[in-house]
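**Student:** First, the structure itself, so that you have it in front of you.
Every read-out reported here was derived from the displayed coordinates using simple, explicitly stated rules and does not represent laboratory data. Quick caveat, the model's predicted, so the values are computed rather than measured. All Cβ positions, even for glycine, are placed from backbone atoms using ideal geometry, and neighbour counts span all protein chains on display.
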Amino acid sequence: MKVIEVEKAYFEKELARLPRDGRRYLDDEIRTDKYYLIYSPDVVGGFTLTRVEEVLEIGAIFSLTKGVGAIDLAIQEAKRVAKQEGDLILQVFCIDVPLRDTYERKGFFEVEAFSWDWKLAPKLWYKDDGEPPLFLMQKYL
C-alpha cells in the first residue's frame, strides 16, 4: 500500500464514497494542513494531518474497504512527517470507548475525556447514534 498527499478536493471526493454510516464521525467541513489517500492500487482509505504548535494531529481517518489498516498507516505517516518537521507529540480525537482502546493499544494515552456536546457533534451525527464520550489521545515520539 502507498500513502500519497493529495489536494483537498480529491480527498473530499473519495471521502464522499463512504456511506453516511462511515462518515458520521467526521465533521462536514474538514480543516487541515495535509490530506492523504491510501492506495492499493486504487484508493482504499485516507486521513489528514494538522499541525498545532509542536503537536501533529491525525484526523478524518477512513477506510473504504475492511482490513486496510488505515489507523496504522496514518500513524506511520504521521511519525515520518513529525520526525522531518521536529514534532514531539502525535494527537487524535476519538469518539467512544472501543476507538479509545484501539489507540491505547497503539501507544496513545488518554489526555482528557469529554461528555457528549451536541453543539460540537459532527454534522452527520443523529440522535439515534447515541451520545458517546469523546477522548483526546496523545503519543510522545
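**Student:** In whole Hz, what ³J(HN,Hα) sequence does the stretch 95-110 give by Karplus (6.51, -1.76, 1.60; θ = phi - 60°), x for Gly and Pro?
**Tutor:** For the stretch 95-110, the Karplus curve yields 10, 6, 5, x, 5, 4, 4, 4, 5, 4, 5, 9, x, 7, 10, 6 Hz.
**Student:** The stretch 45-141: which chymotrypsin sites (Phe, Trp or Tyr not before Pro) are DSSP loop and have at most 12 other beta-carbon atoms within 10 angstrom?
**Tutor:** Answer by residue number: Trp118, Tyr126.
**Student:** On to the next question. For Lys123 and Glu12, compute 0.36 nm times the residue count separating them, minus their Cα-Cα distance, and round to one decimal in nm.
**Tutor:** 38.4 nm
**Student:** 7 Å from Cα along Cα→Cβ at both Glu112 and Glu53: what's the point-to-point distance in nm?
**Tutor:** 1.2
**Student:** Also, quick follow-up: Among Gly67, Leu56, Pro133, whose Cα sits farthest toward the positive end of the charge dipole of the chain (+1 at Cβ of Lys/Arg, -1 at Cβ of Asp/Glu, about the Cα centre)?
**Tutor:** Gly67
**Student:** Straight-line reach from Lys127: which aspartates and glutamates fall under 14 Å, measuring Cα to Cα and dropping same-chain residues less than 8 apart?
**Tutor:** Within the straight-line limit of under 14 Å, Lys127 reaches these aspartates and glutamates: Asp21, Asp117.
**Student:** Further question on the same structure: Let me spell out the model: positive unit charges on the Cβ of Lys and Arg, negative unit charges on the Cβ of Asp and Glu, origin at the Cα centre of the chain. What dipole size does that give, in debye rounded to 20? Walk me through the intermediate numbers first.
**Tutor:** Working: 21 positive and 26 negative charges, 80 e Å.
Its charge dipole is roughly 380 debye.
**Student:** Could you run the Karplus curve 6.51 cos²θ - 1.76 cosθ + 1.60 with θ = phi - 60° over the stretch 54-66 and give me ³J(HN,Hα) per residue in whole Hz, x for Gly and Pro?
**Tutor:** For the stretch 54-66, the Karplus curve yields 8, 9, 10, 9, 8, x, 6, 6, 9, 10, 8, 9, 5 Hz.
**Student:** Cα-based count: Lys pairs in the stretch 1-119 below 17 Å, eight or more positions apart or different chains?
**Tutor:** Values: Lys2/Lys34; Lys2/Lys66; Lys2/Lys79; Lys8/Lys34; Lys13/Lys34; Lys34/Lys79; Lys34/Lys83; Lys79/Lys106.
Lysine pairs meeting both conditions in the stretch 1-119 amount to 8.
**Student:** Give a residue-ordered list of calculated ³J(HN,Hα) values for the stretch 72-86 (Karplus: 6.51 cos²θ - 1.76 cosθ + 1.60, θ = phi - 60°; whole Hz; x for Gly, Pro).
**Tutor:** 4, 5, 5, 5, 4, 5, 4, 4, 4, 5, 4, 5, 5, 9, x
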